[in-house]
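S.K.: Here it is, the structure, as structure tokens.
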Amino acid sequence: MGMTMTQKILAKHAGLSEVHAGQLIEAAVDLTLANDITGPVAIREMEKAGFTSVFDRKKIALVMDHFAPNKDIKSAEQCLTCRTFAKKHGIVHFYDVGEMGVEHALLPEKGLTAAGELIIGADSHTCTYGAVGAFSTGVGSTDLAAGMATGKAWFKVPSAIRFVLKGKKAPWVSGKDVILHIIGKIGVDGALYRSMEFTGEGVASLSMDDRFTICNMAIEAGAKNGIFPVDAHTVDYMRGRVQREITVFEPDADAGYDETYEIDLSQLRPTVACPHLPENTKTIDELEKIEIQQAVIGSCTNGRIEDMRLAAEILKGRHVADGVRTIIIPATQAVYLQCIEEGLAKIFIQAGAIVSTPTCGPCLGGHMGILAQHERAISTTNRNFVGRMGHITSEIYLASPAVAAASAVMGYICAPEDVLEKGGFSL
């Protein structure tokens, strides 16, 4: 039996001609990643183990994004630990306030992730980089410590699920709707420790931002990783960003898959994940009128320029509803600057929203948008667990930027076309 894309990447990095599902391997890594929460733990574990140097100062990324700019003394000390480590070891890819962004948007933007590479990060959403044809996965801080010191990591080779995408998305349907539909279909453990591999003619109709969003949330189905084939869109995205030789892998014709699902993109509708699991999905047409007090548009899932443009298209010439706090967070400094240059930031502010510096902020209940008891938010983030964004009685509804922006205007969760047809609250 042949190998999947993921298995081929793992085989190459393990120095093996082939691998099979369930096999334990030791593989070389191309990049390790930590942030201001997971980094200090990895640093302490590395030093506790007696390591005095890193395996390659150019292959370690430290991104201060979760509680930066620092929200309190503890977060300031965490960032100081990372700063001190980065300076001591000459870490090339250290990103602090002013240069940082939300890590999973920042690293591809900087060209630090590329097709055929093996990337580990002490953050569960490291699986994002499968959008460029890489094998990327989240690990614990102790495993990351070993990776930073030795450049190697242990893996159990995953089996795979194949998703054959057909057709093209309808207007106002995005990658977020695609992945929410899939998670609703297979459940939060439907891909447990398996690779989610996307293929089919429908892939060509997905933008890179769509693909980043889909791979980002592979972990919400329990997957080890998500991965897309490398096509013209991928090559165009890497061109000018990635300055090194890349290797493109394709699955063998006889590669084995545990299951195969066919998804007709043309039949999808804007989809919302209701509290308190990403699998609790309904299409926008199935939802009753649900009032909200907060809308968040941003995060490593949906804070890229395409997301900002979608939100601006809805908000232009309109105003958010009374009582709806609308927080927009461009995922990187480059996206923030582009929002300014394209006039998107002006649209957001005139609509009554705030525009934040890049940060994970409210996504994990950190800062910049904590919910009080019984408050309800619509958010473009990736998790809606109990207490994820604040008080344990608060509720989070996950949706696309278009749905989140439309809901902010109307004051309740609704479809984008509802705002466009009814006009919302005009300026």
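S.K.: Take the chain, drop everything but the C-alpha atoms, weight them equally and run the Debye formula without solvent; then report log10 I(q)/I(0) at 0.12 Å⁻¹ to two decimals.
M.R.: Rounded to two decimals, the profile gives -0.94.
S.K.: What share of all Cα pairs of the range 224-317, in percent, falls into each consecutive 10 Å distance bin?
M.R.: Reading upward from the zero bin: 9, 26, 35, 23, 7, 0.
S.K.: Moving on. From the C-alpha coordinates alone, can you work out the Kirkwood hydrodynamic radius of the range 1-138, in Å? Walk me through the intermediate numbers first.
M.R.: Numbers: mean 1/r = 0.0631 Å⁻¹.
The Cα-based Kirkwood calculation yields 15.8 Å.
S.K.: Going toward the positive end of the dipole of the range 212-306, with +1 on Lys and Arg Cβ and -1 on Asp and Glu Cβ, which of ALA255, GLN293, PRO270 do you reach last?
M.R.: Among ALA255, GLN293, PRO270, the one farthest towards the positive end of the dipole of the range 212-306 is GLN293.
S.K.: Another question about this same structure. Using +1 at the C-beta of Lys and Arg and -1 at the C-beta of Asp and Glu, which of CYS215, ILE314, SER124 has the Cα lying farthest in the positive direction of the dipole of the chain?
M.R.: Most positive-ward Cα: SER124.
S.K.: Once you have a ≥ b ≥ c as the square roots of the Cα gyration tensor eigenvalues for the range 293-388, tell me rounded if a/c is under 1.5, and otherwise prolate or oblate according to whether a/b is larger than b/c. Working shown, then result.
M.R.: Values: a/c = 2.13, a/b = 1.34, b/c = 1.59.
Oblate is the answer for the range 293-388, as a/c is 1.5 or above yet b/c matches or exceeds a/b.
S.K.: Also: How many percent of the accessible area of the range 132-196 is carbon or sulfur, using a 1.4 Å probe? Can you show the working numbers first?
M.R.: On the way: 1150 of 2140 Å².
That share works out to 54 percent.
S.K.: Determine the per residue accessible area of the chain with all protein chains present and a 1.4 angstrom probe, expressed in square angstrom.
M.R.: On the way: 16240 Å² over 427 residues.
I get 38 Å² per residue for the chain.
S.K.: Of all the accessible heavy-atom surface of the range 1-67, with the other protein chains kept in place and a 1.4 Å probe, what percent is carbon and sulfur?
M.R.: Numbers: 1470 of 2880 Å².
On the range 1-67, the fraction of accessible area on carbon and sulfur atoms equals 51 percent.
S.K.: On the Cα set of the range 268-427, report Rg and Dmax in Å, please.
M.R.: Final numbers for Rg and Dmax: 14.0, 40 Å.
S.K.: Continuing with this model, one more query. To the nearest 10 degrees, how steeply does helix 175-186 sit against the main Cα axis of the chain, on a 0 to 90 scale?
M.R.: Computed tilt is about 70 degrees.
S.K.: What does the convex hull of the Cα atoms come to per residue for the range 73-157, in Å³? Please list the in-between numbers first.
M.R.: On the way: hull volume 9.7 nm³, N = 85.
With only Cα atoms used, the range 73-157 gives 115 Å³ per residue.
S.K.: Counting Lys +1, Arg +1, Asp -1, Glu -1, what net charge surrounds ASN382 among other residues with beta carbon under 12 Å of its beta carbon? Can you show the working numbers first?
M.R.: Details: positive: LYS176, ARG383, ARG388; negative: ASP123, GLU220.
Local net charge: +1.
S.K.: With N set to the number of residues, divide the alpha-carbon radius of gyration of the range 151-215 by 2.2 N^0.38 Å and report two decimals.
M.R.: Details: Rg = 13.5 Å, N = 65, 2.2 N^0.38 = 10.7 Å.
With N residues counted in the range 151-215, Rg over 2.2 N^0.38 Å equals 1.26.
S.K.: Could you tell me what percent of the DSSP beta bridges with both partners in the chain are antiparallel, to the nearest 5? Walk me through the numbers before you get to the answer.
M.R.: Details: 11 of 54 bridges.
Rounded to the nearest five, the antiparallel share is 20 percent.
S.K.: At a 1.4 Å probe, what is the % contribution of carbon and sulfur to the accessible area of the range 271-417?
M.R.: Details: 2570 of 5060 Å².
After summing per-atom areas, the C and S share lands at 51 percent.
S.K.: Just the accessible area for HIS20, please: 1.4 Å probe, Å², rounded to the nearest 10?
M.R.: Result for HIS20: roughly 110 Å² accessible.
S.K.: If you don't mind, there's one more thing I want to ask. Out of ALA334, ALA160, CYS79, whose Cα points farthest toward the positive end of the dipole of the chain (charges: +1 Lys, Arg; -1 Asp, Glu; placed on Cβ)?
M.R.: The one lying farthest along the dipole's positive direction is CYS79.
S.K.: Per-residue ellipticity at 222 nm for the chain, helices alone: DSSP H runs ≥ 4 residues times -39500 (n - 2.57), over residue total, nearest 500 deg cm²/dmol? Numbers along the way, then the final one.
M.R.: Numbers: 14 runs with 131 residues, N = 427.
After summing the helix terms and dividing by the residues of the chain, the value is -9000 deg cm²/dmol.
The values are calculated or read from the model by the stated rules, or taken from the named source; none is laboratory data. Because the structure is predicted, anything quoted here is derived from the model rather than measured. Cβ sites come from the backbone with ideal geometry, for glycine too, and all protein chains shown count toward neighbours. The accessibility values were calculated without ligands, DNA or RNA, using every heavy atom of the protein model including side chains. Shrake-Rupley method; radii C 1.70, N 1.55, O 1.52, S 1.80 Å.
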